[in-house]
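Trainee: Let me begin by handing over the structure; questions about it come next.
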Amino acid sequence: MRRDIFQAIADPTRRAIIVLIAAQAMTPNAIAEHFDTTRQAVSKHLKVLTECELVQPQHRGREIYYQLEIDKMKEIDHWLEQFRKIWESRFEQLDNLLETLKKQQQ
C-alpha cells in the first residue's frame, strides 16, 4: 500500500522519529528507547515511514538501521513553500503598516 507523505508526518510520534534519525541512522531498538512505547509500536511507525519513502532501511549485519530520505523531505518543503511566500508577504505588509504608523506618531 502506497501512502502519502503527509499521512506519515501527521502523527507526532512519526515526526519525532524523523527528528531522531535526521542526525544519524538508528535501529528500531535505539529509536524505541526515546519513547514510552513498545518496540513493536515503533516498528509500525517505521513501516508507515518506509511505505511513504521518508525513511529507508539499511541492513548492516543482523541489524537494520533506518535513515532519513532527504529528497522526500524536500517534497514537503516544496509544498510548504507556497504558504511561506504568503506568510512572508503578509509580514512585509504588516511591517510596512507599522512603519507608517510609527512615522505618523512622530
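The values are calculated or read from the model by the stated rules, or taken from the named source; none is laboratory data. Keep in mind the model is a prediction, meaning the values are calculated, not measured. Note that each Cβ is placed from the backbone with ideal geometry, even for glycine, and that neighbours are counted across all protein chains shown. These area figures cover heavy atoms from the full protein model, side chains too; ligands, DNA and RNA do not enter into them. Shrake-Rupley method; radii C 1.70, N 1.55, O 1.52, S 1.80 Å.
Trainee: Placing +1 at every Lys and Arg Cβ and -1 at every Asp and Glu Cβ, with all other atoms neutral, what dipole size does region 5-68 have around its Cα centre, in debye to the nearest 20? Write down the numbers at each step before the final one.
Mentor: On the way: 7 positive and 6 negative charges, 23 e Å.
Computed charge dipole of region 5-68: roughly 120 debye.
Trainee: Please give the helix 12-23 orientation as an angle from the longest Cα principal axis of the chain, in degrees from 0 to 90, rounded to the nearest 10.
Mentor: Computed tilt is about 80 degrees.
Trainee: Which of the lysines could be linked to K47 by a straight reach, that is with a Cα gap under 16 Å, when you skip same-chain ones fewer than 8 residues away?
Mentor: K72
Trainee: With a 10 Å radius around each residue's Cβ, average the other Cβ atoms per peptide and rank 63-70, 82-89, highest first. Mind showing how you got there, number by number?
Mentor: Details: 63-70: 16.8, 82-89: 9.6.
Listed from highest to lowest mean packing, they are 63-70, 82-89.
Trainee: Now a separate question. So with the 1.4 Å probe, I'd like the accessible area per residue for the chain, rounded to whole Å². Mind showing how you got there, number by number?
Mentor: Numbers: 7870 Å² over 106 residues.
For the chain, the solvent-accessible area averages 74 Å² per residue.
Trainee: While we're here: For D71, D77, give me the order by solvent-accessible area with a 1.4 Å probe, most accessible first, ignoring ligands, DNA and RNA. Please list the in-between numbers first.
Mentor: Numbers: D71 105, D77 75 Å².
In descending accessible area the options line up as D71, D77.
Trainee: Still on this structure, please answer the following. Using 0.36 nm per residue of separation minus the Cα-Cα distance, give me the extension gain between T37 and K103 in nm, one decimal. Intermediate values should be presented prior to the final figure.
Mentor: On the way: separation 66, 0.36 × 66 = 23.76 nm, distance 5.65 nm.
In short, 18.1 nm is gained.
Trainee: Can you give me the % of accessible surface on the chain that is carbon or sulfur? Probe 1.4 Å, all protein chains present, nothing else counted.
Mentor: 51 percent
Trainee: Any chance you could list P(r) for the chain, counting all Cα-Cα pairs in 10 angstrom bins from zero, rounded to whole %?
Mentor: 14, 36, 20, 12, 11, 6, 1, 0
Trainee: Right, something else. Between Q82 and V19, what FRET efficiency comes out of the Förster formula 1/(1 + (r/R0)^6) with R0 = 22 Å and r the beta carbon distance, rounded to 0.05?
Mentor: Working: r = 24 Å, r/R0 = 1.08.
So, using R0 = 22 Å, E works out to roughly 0.40.
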